[in-house]
Amino acid sequence: VGRVQAVDTVNLVARVEGFLQKRAFTEGQEVKRGDLLFVIERDTYQAAVDQAQAQLASAQATERNAALQLQRSQELVKTNAVPQATVDQNVANEGAAAAAVRSAQAALEQANINLAFTEIKAPIDGRIGMANVTVGNFVNQTTGTLATIVSQDPIYVLFPATAAQVLDYRQDRKSTRLNS
């Protein structure tokens with residue numbers, strides 16, 4: 001007597017929180033890698049992306065202004081129209097503005113990642129099981145498994161064997177090699 005076991009098993013979980021808006025599969029159906037399975041409400045995450053884009057645009061404008069002020073002060077210091085301290089301050093301001101741009105870019109990237117997590121897609125080909133959460137429920141990382149996908153091809157077939165059976169098998173293989 002043996003049993004069949006999937007090579008790959010994936011428990012789908014929510015990586016962001018929100019209300020489950022859509023379930024795009026029928027329990028027991030075959031799914032392909034990349035198929036959309038669940039959708040978590042996206043509005044909040046889209047707003048975060050929009051806000052991060054605005055912050056990035058603002059930081060870029062501040063950086064351009066700091067660069068222009070630095071360039072002007074570097075020209076004026078040559079004619080002693082501004083002190084070197086002003087140039088030094090403008091160098092620092094430009095560095096801070098560049099850092100603010102990098103920070104805003106990182107925030108935008110994180111907002112886009114969170115928005116992408118509102119769509120839960122199949123990471124493997126296989127058969128999807130029962131949905132543990134229905135549309136309308138609030139989900140987050142602590143909700144647990146939303147559904148499970150198990151691969152169908154290839155699969156393992158496992159046979160239990162006693163220690164005596166394994167030793168007999170090894171002995172038979174050994175005698176077969178010697179007789180060959």
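With the convex hull built on the Cα atoms of region 1-111, state its orientation-averaged projected area in nm². Kindly include the intermediate steps, with their values, before the conclusion.
Numbers: hull surface 48.0 nm².
Hull-based average projected area comes out at 12.0 nm².
For region 66-105, with every protein chain kept in place, what is the accessible area per residue (1.4 Å probe, Å²)? Please list the in-between numbers first.
Details: 2560 Å² over 40 residues.
The answer is 64 Å² per residue.
Pull up the cross-link candidates among the lysines for residue 121, meaning alpha carbon to alpha carbon under 21 Å and not fewer than 8 places away within one chain.
Within the straight-line limit of under 21 Å, residue 121 reaches these lysines: 22, 32.
From zero outward in steps of 10 Å, how is the percent of C-alpha pairs of region 51-110 spread across the bins?
For region 51-110, the pair-distance distribution reads 27, 38, 22, 11, 1.
If you bin every alpha carbon distance in region 53-173 into 10 Å steps from zero, what whole percent lands in each bin?
All Cα pairs, binned at 10 Å, distribute as 10, 18, 14, 14, 12, 11, 9, 6, 4, 1 percent.
Let me know the charge dipole size of region 21-121 about its Cα centre in debye, to the nearest 20, where only the beta-carbon of Lys, Arg (+1) and Asp, Glu (-1) is charged. Walk me through the intermediate numbers first.
On the way: 10 positive and 12 negative charges, 29 e Å.
Here region 21-121 has a charge dipole of around 140 debye.
Please work out the C-alpha center-to-center distance from region 137-168 to region 31-71 and express it in whole Å.
40 Å
Roughly to the nearest percent, how much of the accessible area of the chain is carbon and sulfur, given a 1.4 Å probe? Kindly include the intermediate steps, with their values, before the conclusion.
Working: 6090 of 11850 Å².
C and S fraction of accessible area: 51 percent.
Tell me which of 144, 61, 154 sits at the most positive position along the dipole axis of the chain, charges placed on C-beta atoms (Lys, Arg +1; Asp, Glu -1).
154
Work the Kirkwood hydrodynamic radius out for region 84-152: mean of 1/r over every pair of different alpha-carbon atoms, inverted, in Å.
Numbers: mean 1/r = 0.0608 Å⁻¹.
Computed over Cα pairs of region 84-152, the Kirkwood hydrodynamic radius comes out at 16.5 Å.
Please turn the phi angles of region 38-44 into ³J(HN,Hα) values with the Karplus equation 6.51 cos²θ - 1.76 cosθ + 1.60 (θ = phi - 60°), one per residue in order, whole Hz, x for glycine and proline.
Running phi through 6.51 cos²θ - 1.76 cosθ + 1.60 with θ = phi - 60° gives 9, 10, 9, 3, 9, 3, 4 Hz.
The values are calculated or read from the model by the stated rules, or taken from the named source; none is laboratory data. In this text, all values refer to a predicted model and were calculated from it rather than measured experimentally. Counting neighbours? That spans all protein chains shown, and the Cβs are built from the backbone with ideal geometry, glycine included. Remember, those area values only see protein heavy atoms, side chains included, never the ligands or the DNA or RNA. Shrake-Rupley method; radii C 1.70, N 1.55, O 1.52, S 1.80 Å.
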